[in-house]
Amino acid sequence: MKSPFQRQPPSTEQTVPAKSSGLGTFGGVYTPSLLTILGVIMYLRFGWVVGNVGLIGTLIIVTLATSITFLTALSISAIATDRVIRTGGAYYMISRSLGIETGGAVGIPLYFAQALSVALYTIGFAESVVAVFGNLNQLYVALATTVFVAILALTSASLAIRAQYIIMAAIVLSLVSLLLGQPIENTQIEMWGAADRLSEPFWVVFAVFFPAVTGIMAGVNMSGDLRDPIRSIPKGTLAAVGTGYIIYMGLPVILAMRADATTLIAEPLIMQRIAFWGPAILLGVWGATLSSAIGSILGAPRVLQALARDGVLPQWLSFLGTGSGRDDEPRIGTAVTLVVATAAVYVGELNLIAPVLTMFFLTTYLVLNLSAAIEGFLQSPSFRPSFRVHWSLSLLGAIGCLAVMFLINAVATVAAAVIILGIYFWLQQRELRATWGDTRRGMWLTLIRTAIFQIGHQPDTKNWRPHILVLSGSPTKRWSLIELADALTHNRGLVTVSSVLPSGSRDIAQQAKLEATIRDYLDRRGVQALVRLVTAPDPFEGAKQLVETYGLGPLVPNTILLGDSEESSRRDRYCQMINQLHRAKRNVVILRENTAKGFGSRRRIDVWWGGGVQANGGLMLLLAYLLRSDIDWRNAEICLKLVVPNEAAAQAARANVEGLVKQIRIGASSQILVADGRSFDTILHESSEKADLIFLGIATPKDNFSDYYENLQARAANLPTTLLVLAAPDFAFGEVLTDV
């Protein structure tokens with residue numbers, strides 16, 4: 001149940017102003033993205049890929065993997081050119097598209113994945129350094145490197161970017177040295193891998209290579225530090241993907257011409273032997289690991305900052321949203337990330353969690369593609385990106401991400417999904433209230449539009465369910481009506497709580513505000529219901545107006561629930577209203593509440609059978625069955641009661657009623673009562689004295705209906721809480737019962 005005092009998290013739109021200064025496209029997006037793409041897999045695994053699947057197989061893998069990344073980049077570009085992307089990058093995009101729960105479910109694992117990636121890259125850097133300088137301690141080198149990249153990030157994002165320029169120069173030098181190198185042996189270019197040896201399967205090789213093209217989020221994570229993110233993210237990301245593709249398509253040709261497949265597989269640092277100047281390759285490897293570590297140490301704290309500012313993190317962690325300096329840099333978040341990364345470096349063994357981290361990155365891509373696909377498919381007027389991408393391309397990218405996740409590691413994919421779903425449900429339980437809209441409402445509107453046109457206007461007994469319009473007046477004064485309607489629908493139908501206000505007592509704005517107040521009250525009481533208020537000269541005219549106008553296409557209330565009226569001066573108008581509701585082909589259910597007993601212990605429901613199953617009797621049994629499906633009424637016994645004049649009639653009636661009870665399968669019992677000269681009223685009061693709820697049918701309204709209703713009220717006087725039921729004409733409730 002929602003608390004009326006639920007804290008509303010602040011919005012980053014309010015807390016982070018757009019900056020007129022910041023990083024540009026080249027330094028803020030293109031450089032970090034490209035350096036993350038050109039990583040250690042390129043240096044240490046590309047030869048292994050070519051050796052296993054051959055030149056053509058490698059080119060296919062590169063093209064297929066880059067296609068998935070390219071489709072994701074298109075989705076990112078579409079979202080980035082539709083709205084201002086502030087601090088948080090991927091988390092910000094997802095939360096503003098699919099809601100704060102989905103954004104948080106992806107954003108929290110994404111933060112830890114990036115934080116732990118710092119340790120992965122610095123450990124990799126330390127291993128390569130120790131391989132060259134054997135007298136160094138790997139742990140100390142990794143710790144020193146982690147602190148170094150953190151100091152860069154703490155000092156300034158711009159300084160870290162300038163450091164990446166040096167790293168890029170080292171990578172460029174290594175590629176030039178590789179291009180100018182010479183073959184190390186006579187080799188025949190193998191187009192599909194060697195046939196005389198056992199090579200790894202194509203998809204295994206693909207799974208190993210794919211992380212090499214997953215660096216496009218490095219620039220997106222810097223969104224809060226960009227001068228013009230709407231312009232820079234699409235240009236820089238797509239340019240980095242294109243540059244990486246060109247390089248990755250050229251390197252296999254060079255490798256295939258310089259060494260044979262066996263050598264390429266056996267030597268991870270084969271590029272060092274092939275290159276014109278071998279040490280340049282080591283500089284490239286070191287640069288690749290350092291650039292990836294810097295990209296992660298820059299991106300992770302900004303995701304953490306956005307999570308804290310949106311209230312996704314618990315209240316006691318809100319200080320993590322603090323920014324420092326003119327550029328609002330997350331220095332506290334960077335310090336926390338340093339602690340996480342340092343702890344991971346001390347552990348050292350990250351092989352078990354590394355696949356799960358990869359899954360978190362791919363999950364981010366998957367959800368980003370889904371966000372763009374949903375936004376494009378819904379065609380919401382608010383989604384107007386300057387970089388337009390057809391929704392089918394984004395959906396194709398999402399499918400590709402999901403397929404790759406299972407190809408890389410099915411177990412890790414399931415583990416990541418379980419973690420993300422757990423965080424989602426945790427956030428859903430907290431019921432955070434975002435100050436921005438998302439696509440979920442658009443999705444429901446699209447589904448509703450489709451469903452409304454599919455329902456049709458013809459009645460369908462098999463799919464009948466109660467849609468109840470409750471004429472409750474003030475909910476606080478007649479709560480029992482709302483409680484009963486909620487129990488009858490029990491997640492099956494719709495409940496609309498309605499009230500008629502005196503004409504001129506409220507203008508439209510005041511009426512909307514009062515409706516919101518009532519909705520909030522219902523939410524706090526755990527009742528899902530719509531609210532509708534109208535103004536009319538009197539309640540009877542207002543009720544008629546509601547029945548005539550309320551609803552959407554074929555989806556209109558089919559059951560009117562109202563309280564009884566004991567006031568004799570208004571009885572004629574009240575009975576006239578019942579007659580009008582009946583003629584409008586609505587079911588009418590009138591609650592006569594015994595205020596002293598209420599609904600009692602909710603253990604016994606008496607249904608007094610007076611007509612056929614197609615009329616009031618069928619509706620009463622159906623409502624009793626629906627009521628018992630509610631958790632508060634689940635232990636109630638439904639007793640079907642029928643009065644006959646003598647014992648001879650009782651024998652035939654007993655067989656018929658027992659057959660009916662068996663046929664309709666609602667778990668009711670039956671009781672045949674012999675009058676023996678007693679009046680029905682006497683039998684009713686004697687037999688149902690200890691019932692918790694009584695169902696009585698109402699005769700079809702006629703000219704003297706007011707007199708009939710007065711007698712009905714007298715009959716029901718002093719009974720336990722009673723429901724007076726008048727079924728809509730020409731509807732086969734018996735067919736509904738046989739399909740229960």
Next on the checklist: Starting from 0.36 nm per residue, how many nanometres of slack lie between R654 and A410 once their C-alpha separation is accounted for?
Outcome noted: 81.7 nm
Checklist entry - Name the residues of segment 474-509 whose amide N is less than 12 Å from a point 7 angstrom out from the Cα of R573 along the C-beta direction? => result 502-503
Item to check | For segment 25-439: span of alpha carbons on each principal axis (Å, largest first) | outcome: 66, 48, 38
Checklist outcome for this item: With 0.36 nm assigned to each residue of separation and the Cα-Cα distance removed, Q429 to R715 gains 98.1 nm
Next on the checklist: Sequence gap at least 6, Cα distance under 8 Å: using those rules, report the relative contact order of segment 25-439 to the nearest whole percent.
Outcome noted: 35 percent
Checklist entry - So if R0 is 56 Å, what FRET efficiency would S324 and T476 give, r being the distance between their Cβ atoms, rounded to the nearest 0.05? => result 0.65
Checklist entry - Rounded if a/c is under 1.5, else prolate if a/b beats b/c, else oblate: with a ≥ b ≥ c from the C-alpha gyration tensor eigenvalues square-rooted, which is segment 544-673? => result prolate
Checklist entry - So how many Å³ per residue does the convex hull of the Cα atoms of the chain work out to? => result 195 Å³
Checklist entry - To the nearest µm²/s, what D does Stokes-Einstein give for segment 646-728 at 10 °C and 1.306 mPa s, using the Kirkwood radius over alpha carbon pairs as Rh? => result 107 µm²/s
Checklist entry - How big is the gap, in Å, between the Cα center of segment 52-106 and the Cα center of segment 649-720? => result 66 Å
Checklist outcome for this item: Counting only DSSP beta bridges fully inside segment 589-740, the antiparallel percentage to nearest 5 is 20 percent
Checklist entry - Rg (Å, one decimal) plus Dmax (Å, integer) for the alpha carbons of segment 481-569? => result 13.7, 38
Checklist entry - In percent, what relative contact order does the chain have, based on Cα pairs under 8 Å that are 6 or more apart in sequence? => result 17 percent
Item to check | Cα centroid of segment 613-632 to Cα centroid of segment 246-263, whole Å | outcome: 75 Å
Item to check | Value of [θ]222 nm, deg cm²/dmol, for the chain, DSSP H segments ≥ 4, -39500 (n - 2.57) each, nearest 500 | outcome: -19000 deg cm²/dmol
Item to check | Cross-link pairs K513/K544; K544/K641; K597/K662 - those with Cα-Cα distance over 29 Å | outcome: K544/K641; K597/K662
Checklist entry - Can you give the FRET efficiency for S629 and Q671, using 1/(1 + (r/R0)^6), R0 = 30 Å, r = Cβ-Cβ distance, to the nearest 0.05? => result 0.85
Item to check | Over segment 589-740: Rg over Rh, Cα atoms, Kirkwood Rh | outcome: 0.94
Checklist entry - Ordered by residue, what ³J(HN,Hα) values in Hz, to whole numbers, does segment 230-237 give under the Karplus form 6.51 cos²θ - 1.76 cosθ + 1.60, where θ = phi - 60° and Gly and Pro are x? => result 4, 8, 6, 4, x, 5, x, 5
Next on the checklist: Please compute, for the alpha-carbon atoms of segment 217-286, the extent along each of the three principal axes and give them in descending order in Å.
Outcome noted: 47, 22, 20
Next on the checklist: Along its three principal axes, how long is segment 578-621 when you only count alpha carbons? Whole Å, largest extent first please.
Outcome noted: 35, 22, 13
Next on the checklist: To test your reading of the geometry: what angle, between 0 and 90 degrees and rounded to tens, separates the Cα axis of helix 616-628 from the longest principal axis of the chain?
Outcome noted: 40 degrees
Checklist entry - So, in Å, what gap is there between the alpha-carbon centers of segment 541-560 and segment 459-536? => result 12 Å
Checklist entry - How large is ³J(HN,Hα) for each residue in segment 712-729, as worked out from phi by the Karplus curve 6.51 cos²θ - 1.76 cosθ + 1.60 (θ = phi - 60°), to whole Hz, x for Gly and Pro? => result 5, 5, 5, 5, 8, 4, 6, 7, x, 3, 10, 10, 9, 10, 10, 6, 5, x
Next on the checklist: Rounding to the nearest 10 and keeping the result within 0 to 90°, find how far the Cα-based axis of helix 571-583 lies from the longest principal axis of the chain.
Outcome noted: 60 degrees
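Bear in mind these aren't lab numbers, they're just calculated from the coordinates by the rules spelled out. All values derive from a computational prediction rather than experimental measurement. So basically every Cβ, Gly included, is an ideal-geometry build from the backbone, and we count neighbours across all protein chains shown.
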